[in-house]
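**Student:** Take a look at the following structure, please.
A short reminder: the numbers here are calculations on the coordinates, not readings from a lab. Note that the structure is a prediction, hence the values are computed from the model and not measured. Neighbour counts are summed over all protein chains in view; Cβ atoms, including those assigned to glycine, are modelled from backbone coordinates with ideal geometry.
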Amino acid sequence: MSETSSSAHDPEPPIRLNLPPLSPSLFDAEPSELQQPNGSAVRHSSDPSSPTSSGYAGERGSSTATTVSQVEDILHNEIQEITIHDPQPLSHSSWLPGKRHSDEDDASISWRRRKKHFFVLSHSGKPIYSRYGDEHKLAGFSATLQAIISFVENGGDNVKLVRAGKHQVVFLVKGPIYLVCISCTEEPYESLRGQLELIHGQIIVILTKSVNRCFEKNPKFDMTPLLGGTELLFSSLVHSFSWNPATFLHAYTCLPLAYATRQAAGAILQDSADSGVLFAILMCRHKVISLVGAQKASLHPDDMLLLANFVMSSETSEAFSPVCLPRYNALAFLYAYIHFFDDDTYLMLLTTSSDAFYHLKDCRISIENVLLKSNVLSEAQRSLIDGGMRVEDLPPLPHSGSSHLGQHRLPSDSPERLREPDCGIGGAAGLWHFIYRSIYLDQYISSEFSSPINTPKQQKRLYRAYQKLFASMHDKGLGPHKTQFRKDENYVLLCWVTPDFELYAAFDPLADKALAIKTCNRVCQWVKDVENEIFLLGASPFSW
Amino acid sequence: MGCGSSFPDRGSRHMGRPHPEDGGGHDARNIRVKLVLLGDSGVGKSCIVLRFVRGQFDATSKVTVGASFLSQTIALQDSTTVKFEIWDTAGQERYAALAPLYYRGAAVAVIVYDITSPESFSKAQYWVKELQKHGSPDIVMALVGNKADLQEKREVAVQDGTEYAEKNGMFFIETSAKTADNINELFEEIAKRLPRPSDIVDYATSKLPPDVLAA
């Protein structure tokens, strides 16, 4: 029971501040099926000039003397044996960092049953990283993947996706580094490819793109020692694919704070930027409190995601480390001074100078004094406890916000609220959750999870649904779309894209369409009302 | 003996430089030294430091990326205090060109290996040679065989460590960050071996070298 409709021609392009309300008539267009055809399909790029190198044939470290059709048979057979029941359902609350199941290899049944594998290998077929199992034991499997990629490359083409039953095998070639995802999670190709891009980005963060030169000198170069001790960064990044919407929205999110508090933090960071720091970033877990860059320096949200993952995966209270920002300059290291003020809040000062440790330490001390005086750190802790926007607090339409995030606290702890089609659990009109992404600011705000989306498993399922929605809205072949109303047995999903923002909202599956649309308008107005508490304004990384 | 005063590691505002109360590294009673830890990844460098500085052991500890900076002060019996400014380095294979950034100007180098791993012992010998070539000439070096609690898995004999250390004029000790065995002893012994204040240079405040990593 899937209902999809889209309208690509909106007569009046909506403008920020004066939003034309989302109206039900937008959904009256002919429904179009966005589902991609099932079954086996191989997507090739047909660009004849695309092969990146023709020199790989001689370097093929693969010991498999099979033709590709045989290789595909092997792959196909292996995948056919996999059942999709994960014996150990993933629970976020009990997620422990670090690599698990390192004793497995491709002969283990448990390994074959994993729903989602990530592999990184070199162009000569040497394993670099595997999400599950011991890389060294997976040399044969890596060689098989390498054989598939080079066979297609030798034909002047690139393999991007192989579908095999419920499984998708997604390939990404980054110079001498190959990345492969094998998944039966039904995530769209674009999402899986984006995840491979981020894994590659994390490698660049640690090593810079100049690691490619090692492969030029020695095609059989073994990269694993260079990544020694960094498994945790990759496992925590892979974990974030199922809980952090920044991984597919390409936007960052801020810790909700009073405007004056965030301004105070920004002002002191600006002082350090004026003293030669390239970027000064104050964060609380994966949320930004404030950030400042030197003139003309801009920070990409993906770089922020990878940097925060790098810092939060490491054991440190104070550190100095070379770090590369792939979108800023993939070829050079910057030096990051990192200091944790408490378990959650940390400061990153980035510079091009490798001997700046003591200068940056002094900067941090003066920043810390100001943060303490202006209560930024205690306000950040309070915000962590209070949380962000809650769908239960969605104000009625004519609203002038004055309280914290315009909250009108309802007794949300009464468990036996009546489930009515027009009210449901959660917020008005059965609103369960929303994400609002501001295009200009490169920022998003996601509502807190509340009943009934209150287990990690349900949250992951909702994010996957958003991910699918995001991919279909941005599909270059079918889109761009402006609105989408989708209903299945789990949710009603509503998406609205304008030049200024994107809204993703999830409702009770029995929610009324007209009411849901009305509610989305209320959400947009609410976000607008509290925007100087939830967004970092006037400091968009792309418009210093 | 033991840890005289423990500097708060987080939220500390006392680690600044220059600091009026401790009088820098020139004071005869208060010595301040830069100490660098080197060794293969996974030998327990961070565990040794965390045990020494915070008295904690966490087997699931996270990784060190780059170099982590911690400090700890100990009081000796002759009532001098030694403040260690510790650089816990990681990823030396990755940042080989960067290692001098951390060890140059260090008064003390603690080179750690894992007694269950002969590879880590060879790596330790590599670091000793590296420091002999490029470190400060009067650097105090300690060779540490960590994970001494894993006797049944031992692959590097005590004698091998002792002999190598003797040949290279180093101090040798086996430790266990897990059981805290010999951790304080390690740092106390280092403190005793430091050049006395008459000829000490303020290593802690010496600038890091300007060379940039060529990856």
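**Student:** Which FRET efficiency value, to the nearest 0.05, is calculated for A:Asp222 and B:Ser79 with the Förster distance at 56 angstrom and r the Cβ-Cβ distance?
**Tutor:** On the way: r = 53 Å, r/R0 = 0.94.
Here the calculated transfer efficiency is 0.60.
**Student:** Quote the FRET efficiency, to the nearest 0.05, computed for B:Glu163 versus A:Asn369 with a Förster distance R0 of 41 Å and r equal to the Cβ-Cβ distance.
**Tutor:** Details: r = 52 Å, r/R0 = 1.27.
E(calc), rounded to 0.05, equals 0.20.
**Student:** Starting from the exponent 0.38 and prefactor 2.2 Å, build the expected Rg for the stretch A:252-386 from its residue count and divide its actual Cα Rg by it. Please list the in-between numbers first.
**Tutor:** Numbers: Rg = 13.6 Å, N = 135, 2.2 N^0.38 = 14.2 Å.
For the stretch A:252-386, the normalised Cα radius of gyration is 0.96.
**Student:** Now for a separate question. For B:Arg196 paired with A:Asp134, estimate the spin-label separation in nm (one decimal), with each label point 7 Å from Cα along the Cα-to-Cβ line.
**Tutor:** Reported label-point gap for B:Arg196 and A:Asp134 is 5.4 nm.
**Student:** Next question, about the same structure. Calculate the mean, over all residues of peptide A:343-355, of how many other protein chain Cβ atoms lie within 10 angstrom of the residue's Cβ.
**Tutor:** On the way: counts 1, 0, 1, 0, 0, 0, 0, 0, 0, 1, 3, 8, 7.
The per-residue average across the peptide is 2.
**Student:** Which shape class applies to the stretch B:29-196: rounded if a/c is under 1.5, otherwise prolate when a/b exceeds b/c and oblate if not, where a ≥ b ≥ c are the square roots of the Cα gyration tensor eigenvalues? Working shown, then result.
**Tutor:** Working: a/c = 1.26, a/b = 1.16, b/c = 1.09.
Verdict is rounded for the stretch B:29-196.
**Student:** Right, another one. Rounded, prolate or oblate: which fits the stretch A:252-299 when a ≥ b ≥ c are the square roots of the eigenvalues of the alpha-carbon gyration tensor, with rounded for a/c under 1.5 and prolate only if a/b beats b/c? Provide the component values of the computation, followed by the final result.
**Tutor:** Working: a/c = 2.39, a/b = 1.48, b/c = 1.61.
Verdict is oblate for the stretch A:252-299.
**Student:** For a footprinting-style exposure proxy, rank A:Arg327, A:Arg522 by other Cβ within 10 Å, fewest first. The partial results should precede the final answer.
**Tutor:** Details: A:Arg327 15, A:Arg522 19.
Going from sparsest to densest Cβ surroundings: A:Arg327, A:Arg522.
**Student:** Calculated FRET efficiency, A:Asn154 and A:Asp529, Cβ-Cβ r, R0 56 Å, to nearest 0.05?
**Tutor:** Details: r = 59 Å, r/R0 = 1.05.
The calculated FRET efficiency here is 0.45.
**Student:** Sketch the reach of a paramagnetic label on A:Ala332 as a point 7 Å from Cα along Cα-to-Cβ, and name the residues of the stretch A:200-225 whose backbone nitrogen lies under 19 Å away.
**Tutor:** Inside the label zone: A:204-213.
**Student:** Using Cα-Cα distances under 8 Å and only pairs 6 or more residues apart, what relative contact order does the stretch B:29-196 have, in percent?
**Tutor:** Values: 310 pairs, mean separation 42.3, N = 168.
Normalised by residue count, the contact order of the stretch B:29-196 is 25 percent.
**Student:** Would you calculate the separation in nanometres between label points at B:Lys153 and A:Ala514, each defined as 7 Å from the Cα along the Cα-to-beta-carbon direction?
**Tutor:** 6.9
**Student:** What full-extension length gain, to one decimal in nm, is calculated for A:Ser210 and A:Ser298 as 0.36 nm per residue of separation minus the Cα-Cα distance? It would help to have the intermediate numbers written out before the result.
**Tutor:** On the way: separation 88, 0.36 × 88 = 31.68 nm, distance 2.16 nm.
Result: 29.5 nm gained on full extension.
**Student:** Can you tell me how the stretch A:428-534 classifies by the Cα gyration tensor, rounded, prolate or oblate, using a/c under 1.5 as the rounded cut?
**Tutor:** Working: a/c = 1.35, a/b = 1.09, b/c = 1.23.
In terms of gyration-tensor shape, rounded.
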